[in-house]
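The values are calculated or read from the model by the stated rules, or taken from the named source; none is laboratory data. Model, not experiment: these values are computed from the prediction. We place every Cβ from the backbone using ideal geometry, glycine too, and count neighbours over all the protein chains shown. Surface areas here come from the heavy atoms of the whole protein model, side chains and all, with no ligands, DNA or RNA. Shrake-Rupley method; radii C 1.70, N 1.55, O 1.52, S 1.80 Å.
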Amino acid sequence: MSLPAPTPRVAIIVVAAGSGTRLGEPLPKAFVDLDGRSILSRSLDPVFGLSEPAQIIVVAPSTHAAEARDIVGRAAGHASDACTVVVGGDSRQASVAAGLAVLEPSVEVVLVHDAARALAPRSLFERVVAAVDSSARGAIPGLAVSDTIKRVDATSTVLETVDRSQLSAVQTPQAFPRAELVAAYAAADREFTDDAALIQHVGGSVAIVAGDPLAFKITTPWDLRRAAQLLTEGSSSGRPQASGPAFRTGVGVDAHAFDDGQPLWIAGLFWPGEAGLAGHSDGDAVAHALCDALLSAAGLADIGGIFGVDDPRLEGAHAEVFLVETLRLLHDSGFAPLNASVQLVGNRPRFAPRKAEAQERLTALLGCPVSVSATTTDSLGFTGRGEGIAAIATALIAPLPRPTAGAGA
Ligand code: CTP
Ligand code: MG
């Protein structure tokens, strides 16, 4: 029986044609072993876990095209018709261009992903596709920069401290509307280190979505060792296991008084026409309670201790600033959230109409399911009298993966 021709809406170009000079292995980087399977094979796991069928294009070095075909064939199983292997070029940009040349006509959204980011989770792929779908412009994952960054001159003299609140460390997969990416590549007159830079060079606009610490790029031998450690600490997904004794829960509570002079930001959303909340930041009690639930689950300091109440950089800061940093601290402590739940307590705003939107926003920021509910207190207490909003959150977290010998083939 012959199947209908595939008409995928999404394509994922996995660039794997680099030599891996900095890794210093005899093989090209994508073919180097990572805990029993090649880096390329690992990088395909999330791709084949996507619910939406996609065209998969793997860009391989000419010396290893046959091996890439084997790896892709094994990873694809029954979905091998959705996959193409092409030979890359001398630069990453040339390799991406080789991938773009074989897009199916039906493809509308293109993701470009470094095979070297072998532990990037599936949620990151889903997040960038959702962002392109909702905004019709490029979307790339980025993480807040936690180190203090200095600008230096050629003599290594420090010139200035760069405002890190304006910086984002970007990752892949990067997603773009197909037409825009293809046009940018056609117009490219020099090399860029990522696709977003090329899009911007030709005047396009790109948004940052929450990145994931697991999407780090394997560049050096240390990175490879670290990736192996993360994998052998758990399943090949690189995610915490939904079993075992090490789950931890946390609880968080926050409250803010109404302030008519402020805009309302709650649950990561802007609520036009509603009285805002007093606070040094935007007063988003839902986001703050979530942070405290996650931090307490990991045994870390609470939100006041971590962010401070008078840091000028946090003036008016919205949910993503707090949640992305909390997630980073959690990962640094060896944990990842499995789910979180938060209840808003207050008379206003009327929450039900935007419940789904709030859940989607918070889920995207934390990379785990977040459920949000709302209640009133029968006219009792400060929430009942309409003086402010409270929020109560719980979170379940688990350690990042622990060793299981000989995972994968
Ligand atoms: N890449 C590619 N074609 C190239 C160069 C890079 O497909 N000519 C891919 C790599 O395989 C990798 C991704 O682009 O998945 C990011 O590049 P990088 O981490 O720099 O990998 P390499 O170029 O292989 O490593 P190095 O720079 O250390 O040589
Ligand atoms: Mg390189």
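Worth pointing out:
- Being within 13 Å of ligand 1 (Cβ to nearest atom), of a type in the set (Gly, Ala, Ser), touching a residue at least 24 places away in the same chain (Cβ under 8 Å) and open to solvent by 10 Å² or more (accessible area, probe 1.4 Å) is a description that applies to Gly89.
- Given (1) at pLDDT below 95; (2) touching an Asp or Glu at 6+ places or on another chain (Cβ under 8 Å), index of the condition Ala398 fails: (2)
- Counting only strands (runs of 3 or more DSSP E) wholly contained in region 329-403, the ones carrying 1 or more residues that are farther than 22 Å from Ile306 by Cα and free of Cβ contacts under 8 Å to residues at least 60 places away in the same chain occupy 335-345, 370-375.
Every residue, every condition in (1) away from ligand 2 (no atom under 16 Å from the Cβ); (2) modelled with pLDDT of 90 or more; (3) open to solvent by less than 30 Å² (accessible area, probe 1.4 Å), yes or no:
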| position | (1), (2), (3) |
| --- | --- |
| Ile218 | no, yes, yes |
| Leu224 | no, yes, yes |
| Leu231 | yes, no, yes |
| Ser237 | yes, no, no |
| Pro245 | yes, no, no |
| Arg248 | yes, yes, no |
| His256 | yes, yes, no |
| Asp260 | yes, yes, no |
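- Contact map, region 34-56: residues that are among the small types (Gly, Ala, Ser) and open to solvent by 10 Å² or more (accessible area, probe 1.4 Å) paired with residues that are assigned to a helix (DSSP H, G or I) and more than 14 Å from ligand 1 (Cβ to nearest atom), Cβ distance under 6 Å, separation 6+ or inter-chain. Pairs shown: Ser41/Ala75; Gly49/Arg122.
- For Arg361, the conditions (1) surrounded by 20 or more Cβ atoms within 10 Å (Cβ to Cβ); (2) basic (Lys, Arg); (3) farther than 24 Å from Phe125 by Cα are fulfilled apart from (3).
- Counting only residues that are of a type in the set (D, E, K, R) and buried (at least 18 other Cβ atoms within 10 Å of the Cβ), region 68-86 holds 0 of them.
- Meets criteria (within 14 Å of ligand 2 (Cβ to nearest atom) and open to solvent by 30 Å² or more (accessible area, probe 1.4 Å)) for Ser19: yes
- Annotation: Ala278 fulfils all but one of (1) more than 20 Å from Gly384 (Cα to Cα); (2) surrounded by fewer than 22 Cβ atoms within 10 Å (Cβ to Cβ); (3) out of contact with any helix residue (DSSP H, G or I) (no Cβ under 7 Å at 6 or more places or on another chain); (4) among the aliphatic types (A, V, I, L, M); the unmet one is (1).
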